[in-house]
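Undergrad: One structure, as structure tokens, below. Some questions next.
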Amino acid sequence: MQITSLEQYHSEYKTSVENPELFWENIANEFTWKQKWTKTLEWNFDSPDVKWFINGKFNITENAIDRHLSTKANQTAFIWEPNAIDGTHRVITYQNLHDEVCKVANTLKSLGVKKGDRVCIYMPMIPETVFAMLACARIGAVHSVVFAGFSSSALAGRIQDSDCKVVLTTDGAYRGVKDIPIKAVVDEALETCPCVEKVLVYKHTGTAINQTERDVIWQEVVPNASSTCAVELMDAEDTLFILYTSGSTGKPKGVVHTCGGYMVYTCYTFQNVFQMDLNAGSKDLFWCTADVGWITGHSYIAYGPLLAGASSVIFEGVPTFPDAGRFWQVIDKYKVTHFYTAPTAIRALEAAGLDFVKPYKLDSLKVLGSVGEPINEEAWNWYNKNIGKEKCPVVDTWWQTETGGILISSLAGVTPSKPSFATLPMPGIQPLLVDEKGNEILGNSVEGNLCIKFPWPSMIRTTYGDHDRCKKEYFSTYLGLYFTGDGCRRDENGFYRITGRVDDVMNISGHRIGTAEVESAINMHADVVESAVVGYPHDIKGQGIYAYVIVPSTNKNHDNLRKEIIAEVNKIIGPIAKPDKIQIVSGLPKTRSGKIMRRILRKVAEGDVSNLGDTSTLLDPAVVDEIVKGKL
């Protein structure tokens with residue numbers, strides 16, 4: 001399953017394109033199945049309808065945990081590093097993991113959770129969060145993890161959309177110097193969520209909570225549950241989880257991933273991109289710094305590494321607490337060999353200066369990874385030189401919530417890398433570039449919109465409760481193709497470089513946020529008449545949020561208004577979506593049919609006002625001049 005040479009990569013890739021079903025059958029055969037599939041693939045991108053390993057029966061947790069116990073029971077599955085630098089870390093072996101997952105699974109069953117029920121997980125980065133995800137998978141429940149930084153309103157919307165029966169949470173969370181009251185957010189959200197019957201609360205920080213009849217305290221029930229739990233037999237196309245992501249409309253969409261294809265693809269990509277030594281007794285240690293509230297944490301903390309039998313770090317803290325040397329201190333402390341983080345973090349730590357890097361050896365590192373957004377060349381070079389000491393391959397991975405796993409990336413030490421380029425597609429991935437009309441752009445040294453023309457095992461199956469939205473968002477722009485929403489350049493060597501979103505979605509610190517979602521939150525303020533939001537270049541985040549806001553002429557206290565708008569966005573979505581710049585305007589550039597010309601607003605926000613195009617056809621061309629003069 002693990003590719004070890006460039007020649008083998010080209011050979012495997014050729015096989016994967018010429019005979020994809022045979023290619024994925026051979027990989028899937030390495031897992032434990034209770035019943036083999038009767039057909040490998042059925043697909044139609046027009047519907048869309050994609051099915052892999054049809055009629056195959058198994059359970060993903062048996063493959064992620066149980067099958068390793070004969071050889072790796074005492075091997076570390078996770079090291080948990082707490083937020084506090086002087087806190088007590090925890091080591092969880094594969095046997096510990098098995099026992100804890102079974103206890104949580106049995107507890108969920110005692111709370112009435114059955115196969116197919118949806119369970120919301122709103123928890124910080126502690127081992128119990130991963131136990132909860134795997135416990136759901138073990139009994140056939142569908143987990144919906146919500147990042148524990150989203151507001152009560154955002155949480156409520158996700159619970160309502162998927163009709164969750166149970167919520168798992170904590171009393172509080174530590175994040176840097178902050179002590180966040182997590183349970184209070186859940187309580188507020190559940191005021192509008194009658195579907196929730198029980199709340200399982202893990203006491204983590206000691207924060208006082210308002211305990212109601214529906215609340216069950218984790219420490220009072222889970223430790224007493226049985227540490228054995230038979231796995232629920234799942235079909236390959238049964239839903240494993242729902243994960244909400246922003247789209248081009250205001251309402252987040254629930255991306256649905258299924259059991260079989262997701263298992264096969266996340267394990268395969270983990271093994272090949274990162275090239276870890278997975279033999280029993282290996283000292284290799286993987287650290288993905290993501291939160292499991294995002295797809296990166298699902299695929300490359302909770303599932304991929306465990307399916308491969310690897311050892312990983314789970315980190316509760318932030319990269320700058322207690323100072324900007326925290327990542328490097330943790331790497332030296334545990335001898336991390338494979339490190340996977342976001343360009344946003346890299347740029348922030350680069351800006352902090354090398355004084356925070358120099359105290360640490362970093363000599364255990366073998367591979368560096370980047371995830372979440374395109375990494376700029378300067379950050380790539382800094383990472384390579386100062387963290388990898390120019391001895392560690394840098395894998396710049398491109399993928400999405402909807403793809404389930406990495407689609408384009410170099411394979412560490414096996415295939416070539418190039419600063420700021422994701423480089424080559426994974427075996428089984430057939431990318432192509434198209435123009436605005438959907439015509440394929442052939443050859444190299446070209447640029448276009450990135451599409452995929454053939455299904456891969458871990459791809460999105462639907463958007464929960466709204467299949468038409470799945471079709472409209474991903475399969476209608478270019479018929480017969482999956483449209484990624486990203487622009488892309490292919491260089492003279494056939495390497496791919498992602499150039500950014502081409503739709504109304506912003507990539508803020510590696511997290512996709514829809515412009516409509518932020519505008520909707522801003523417009524909730526009583527003094528806001530209308531707003532328009534665009535992304536603009538940001539030195540640390542990659543993209544920042546620039547908001548143009550119309551308010552009544554009677555409102556003269558714009559500084560106070562900006563603070564109130566930010567508070568409104570924090571309340572409705574969460575701090576991750578707060579605007580970086582808010583420009584008060586008297587109007588927006590609109591066509592005579594009422595469409596906002598975001599292209600103009602984007603150019604102004606970027607500082608590129610030399611060529612705004614023909615504005616004479618706008619309803620009020622003078623608005624553009626005013627906006628340019630008032631640019632922040």
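Every read-out reported here was derived from the displayed coordinates using simple, explicitly stated rules and does not represent laboratory data. Since this is a predicted model, take the numbers as computed values, not measurements. Every residue, glycine among them, receives a Cβ derived from its backbone with ideal geometry; neighbour counts consider all protein chains shown.
Undergrad: Looking at the stretch 14-49, which GluC sites (Glu not before Pro) are DSSP coil and have at most 14 other C-beta atoms within 10 Å of their C-beta?
TA: In loop regions of the stretch 14-49 (DSSP not H, G, I, E or B), the sparsely surrounded GluC sites (Glu not before Pro) are E30.
Undergrad: For the chain, list the cysteines whose Cβ sits under 4.7 Å from no other cysteine Cβ?
TA: Singleton cysteines: C136, C193, C195, C259, C267, C288, C392, C451, C470, C488.
Undergrad: Using only the Cα atoms of the stretch 414-488, build the gyration tensor, take square roots of its eigenvalues as a ≥ b ≥ c, and label the shape rounded, prolate or oblate: rounded if a/c is under 1.5, else prolate if a/b is larger than b/c, else oblate.
TA: Taking the square roots of the gyration eigenvalues as a ≥ b ≥ c, the stretch 414-488 is oblate.
Undergrad: Could you tell me the center-to-center distance, by alpha carbons, between the stretch 114-185 and the stretch 541-619 in angstrom?
TA: 33
Undergrad: If one puts a single equal scatterer on every Cα of the stretch 16-71 and applies the Debye formula without solvent, what log₁₀ I(q)/I(0) results at q = 0.19, 0.31 Å⁻¹?
TA: -0.77, -1.21
Undergrad: Also: Rounded, prolate or oblate: which fits the stretch 161-251 when a ≥ b ≥ c are the square roots of the eigenvalues of the alpha-carbon gyration tensor, with rounded for a/c under 1.5 and prolate only if a/b beats b/c?
TA: Oblate, since a/c reaches 1.5 and b/c is not below a/b.
Undergrad: Which whole-Hz couplings ³J(HN,Hα) result when phi for each residue of the stretch 112-122 is put into the Karplus expression 6.51 cos²θ - 1.76 cosθ + 1.60, θ = phi - 60°, listed in order with x for Gly and Pro?
TA: In residue order, the calculated couplings are x, 6, 10, 3, x, 5, 9, 10, 8, 10, 10 Hz.
Undergrad: For the stretch 493-573, take every pair of Cα atoms, bin their distances at 10 Å starting from 0, and report each bin as a whole percent.
TA: Bins of 10 Å from zero give 17, 44, 26, 9, 3, 1 percent of pairs.
Undergrad: Going by C-beta contacts inside 10 Å, put S610, S509 in order with the fewest on the left.
TA: Lowest to highest Cβ neighbour count: S610, S509.
Undergrad: Here's something else I'd like to know. Quick one: of K57/K183; K36/K115; K72/K203; K472/K629; K556/K590, which pairs are farther than 27 Å apart, Cα to Cα?
TA: Cα-Cα > 27 Å for K57/K183; K72/K203; K472/K629; rest within.
Undergrad: Ok, one more. For L22, L240, L619, what's the fewest-to-most ordering of other Cβ within 10 Å of each Cβ?
TA: Working: L22 11, L240 27, L619 15.
Starting with the residue having the fewest Cβ neighbours, the order is L22, L619, L240.
Undergrad: Of all DSSP beta bridges located in the stretch 332-465, what percent are antiparallel, nearest 5?
TA: 55
Undergrad: Can you list the HN-Hα couplings for the stretch 457-470, worked out from phi with the Karplus curve (6.51, -1.76, 1.60; θ = phi - 60°), rounded to whole Hz and with x for Gly and Pro?
TA: Calculated HN-Hα couplings, in order: x, 9, 6, 3, 9, 6, 9, 4, x, 7, 5, 4, 5, 4 Hz.
Undergrad: Per q in 0.15, 0.23 1/Å, what log10 I(q)/I(0) does a Debye calculation on the alpha-carbon atoms of the stretch 1-124 return?
TA: Relative scattering, expressed as log10 I(q)/I(0), comes to -1.06, -1.27.
Undergrad: Let me ask something else. Taking N as the number of residues in the stretch 507-629, what value does Rg over Cα atoms divided by 2.2 N^0.38 Å take?
TA: 1.03
Undergrad: Given the C-alpha atoms of the chain, compute the convex hull and give its volume per residue in Å³.
TA: Considering the Cα atoms of the chain, their hull volume per residue is 156 Å³.
Undergrad: Still on this structure, I have one more. Show me the GluC sites (Glu not before Pro) within the stretch 212-309 that DSSP assigns to loop and that have at most 16 other Cβ atoms within 10 Å of their Cβ.
TA: Loop-located and lightly packed - E213.
Undergrad: Exposure proxy check: W33, W24 ranked by fewest other beta carbons within 10 Å?
TA: Working: W33 17, W24 24.
By the 10 Å Cβ count, ascending, the order reads W33, W24.
Undergrad: Show which aspartates and glutamates lie in cross-link reach of K283 when reach means a straight Cα distance below 16 angstrom and same-chain residues fewer than eight apart are skipped.
TA: D332, D363
Undergrad: Throw me the Rg/Rh for the stretch 91-232, computed over C-alpha atoms with Kirkwood Rh, two decimals.
TA: Values: Rg = 14.1 Å, Rh = 15.0 Å.
Here Rg/Rh amounts to 0.94.
Undergrad: Next up: Can you list residues whose amide H is under 5 Å from V216's amide H, if they're 5+ apart or on another chain and H is modeled 1.01 Å from N?
TA: For V216, the qualifying residues are V199, L200, V201.
Undergrad: Give me the base-10 log of I(q)/I(0) for the stretch 311-448 at each q in 0.09, 0.12, 0.16, 0.20 Å⁻¹, Debye formula, one uniform scatterer per Cα, rounded to two decimals.
TA: -0.31, -0.53, -0.87, -1.24
Undergrad: May I pose another question? With θ set to phi - 60° and the Karplus curve 6.51 cos²θ - 1.76 cosθ + 1.60, what are the ³J(HN,Hα) couplings of the stretch 229-240 in order, to the nearest whole Hz, using x for Gly and Pro?
TA: 8, 4, 7, 7, 6, 10, 7, 3, 9, 5, 5, 8
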